[in-house]
1. Does Ala11 satisfy the condition of being over 20 Å from the mean Cα position of the chain (by Cα) and either at positive phi or not β-branched (Val, Ile, Thr) (or both)?
2. On the basis of being surrounded by 15 or more Cβ atoms within 10 Å (Cβ to Cβ), among the β-branched types (Val, Ile, Thr) and within 19 Å of Tyr209 (Cα to Cα), does Val168 make the cut?
3. Can you pull out every residue in region 200-246 that is in contact (Cβ under 8 Å) with a residue 12 or more places away in the chain and of a type in the set (A, V, I, L, M)?
4. State yes or no: is Glu46 touching a strand residue (DSSP E or B) at 6+ places or on another chain (Cβ under 8 Å) and surrounded by fewer than 18 Cβ atoms within 10 Å (Cβ to Cβ)?
5. Is it the case that region 200-217 has a residue that's aliphatic (A, V, I, L, M), part of a helix (DSSP H, G or I) and loosely packed, with under 13 Cβ neighbours inside 10 Å?
6. Tell me the residue from Gly213, Gly196, Gly231, Gly190 that is out of contact with any helix residue (DSSP H, G or I) (no Cβ under 7 Å at 6 or more places or on another chain) and either hydroxyl-bearing (Ser, Thr, Tyr) or not assigned by TED's automatic domain parsing to the domain that holds Gln147 (or both), please.
7. Kindly check whether there is at least one residue in region 32-42 that is closer than 23 Å to Thr92 by Cβ and of a type outside the set (A, V, I, L, M, F, W, C).
8. Determine whether Val134 is assigned to a helix (DSSP H, G or I) and either farther than 21 Å from Glu254 by Cβ or polar (S, T, N, Q) (or both).
Amino acid sequence: MTEAPALPKLAVWKFASCDGCQLTLLNCEDELLTIVGAVNIAYFPEATRAVVAGPYDVSLVEGSITTPEDAERIHEIRSMSRSLVTIGACATAGGIQALRNFGSVAEFRSIVYAHPEYLSTLDRSTPISAHVNVDFELRGCPVDKIQLLEVLASALQSRNPRIPTYSVCVECKRRGNICVTVANGTPCLGPVTQAGCGALCPSFARGCYGCFGPQDSPNMAGFTERLRGLGMSDEDAVRIYRTFNADAEAFRAESERISPSKEDAAR
């Protein structure tokens with residue numbers, strides 16, 4: 001009697017993050033039952049204590065690299081993974097913790113911790129791709145449920161994920177939203193931010209916060225001029241560029257261009 005082929009092994013790993021992207025996977029609910037039937041969840045501490053030894057067919061990695069130990073561990077994970085997919089702003093762009101990249105970590109430690117000498121941390125928070133080869137990056141803070149399922153399906157089917165790289169403005173048009181900037185003068189990062197959220201914030205008359213990072217061809221200088229035209233100061237513009245995807249190349253470069261602080265100029 002022929003044995004059934006072994007199910008692909010799925011592993012989910014965590015680095016510096018809030019766990020929100022892992023929770024997105026758990027929140028797939030009904031779809032999760034199908035996933036469980038199609039893969040062997042070999043390592044996923046958020047969901048199970050069971051551990052199945054690698055190698056793994058697909059590894060989902062949440063979080064950024066912030067400690068020397070992290071920098072070593074991600075190489076071990078890469079060596080055990082046939083396909084490695086980073087999920088969320090922390091893993092793809094350093095996350096909110098990448099704000100440390102624009103300041104002095106030594107100063108932060110001395111203010112926050114009673115005994116900073118016991119800490120082992122890096123001066124920068126960096127995405128996984130800065131350390132190892134990544135097969136696909138899924139943006140978002142947190143990632144979108146439907147996009148996550150698409151990435152998992154594509155990995156199991158050995159095909160490229162169908163994930164859009166155009167701007168949030170396209171999603172606004174599809175939903176029939178009135179442009180919050182044109183109609184109300186509300187600053188909105190939608191024109192320079194990658195789609196994926198379904199234009200959630202503009203659908204409730206709020207400007208986009210850039211959760212999914214820069215779209216594939218952002219005109220950052222032109223967008224900054226638009227923000228200035230709306231009355232926003234360069235200081236405030238720097239603040240909105242430096243949120244969930246502060247160290248994403250397009251956002252980082254533009255924030256440094258319009259606010260060349262001493263820390264930024266030294267980098």
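1. Values: over 20 Å from the mean Cα position of the chain (by Cα): no; either at positive phi or not β-branched (Val, Ile, Thr) (or both): yes.
It is false that Ala11 is over 20 Å from the mean Cα position of the chain (by Cα) and either at positive phi or not β-branched (Val, Ile, Thr) (or both).
2. Numbers: surrounded by 15 or more Cβ atoms within 10 Å (Cβ to Cβ): yes; among the β-branched types (Val, Ile, Thr): yes; within 19 Å of Tyr209 (Cα to Cα): yes.
The answer is yes for Val168.
3. Within region 200-246, Ala205, Met220, Ala221, Leu227, Leu230, Met232, Ala237, Val238, Ile240, Ala246 meet the criteria.
4. On the way: touching a strand residue (DSSP E or B) at 6+ places or on another chain (Cβ under 8 Å): yes; surrounded by fewer than 18 Cβ atoms within 10 Å (Cβ to Cβ): yes.
Against the criterion (touching a strand residue (DSSP E or B) at 6+ places or on another chain (Cβ under 8 Å) and surrounded by fewer than 18 Cβ atoms within 10 Å (Cβ to Cβ)), Glu46 qualifies.
5. Going residue by residue through region 200-217, those that are aliphatic (A, V, I, L, M) are 200, 205.
Going one step further and asking which of them are part of a helix (DSSP H, G or I), we end up with none.
No, that holds for no residue.
6. Details: Gly213 fails: out of contact with any helix residue (DSSP H, G or I) (no Cβ under 7 Å at 6 or more places or on another chain); Gly196 fails: out of contact with any helix residue (DSSP H, G or I) (no Cβ under 7 Å at 6 or more places or on another chain); Gly190 fails: out of contact with any helix residue (DSSP H, G or I) (no Cβ under 7 Å at 6 or more places or on another chain).
Matching residue, one of Gly213, Gly196, Gly231, Gly190: Gly231.
7. no
8. Values: assigned to a helix (DSSP H, G or I): no; either farther than 21 Å from Glu254 by Cβ or polar (S, T, N, Q) (or both): yes.
Spelling it out, it is not the case that Val134 is assigned to a helix (DSSP H, G or I) and either farther than 21 Å from Glu254 by Cβ or polar (S, T, N, Q) (or both).
The values are calculated or read from the model by the stated rules, or taken from the named source; none is laboratory data. Remember, predicted model here, so these are calculated numbers, not experimental data. Positions of Cβ are backbone-derived with ideal geometry, glycine not excepted, and every protein chain shown enters the neighbour counts.
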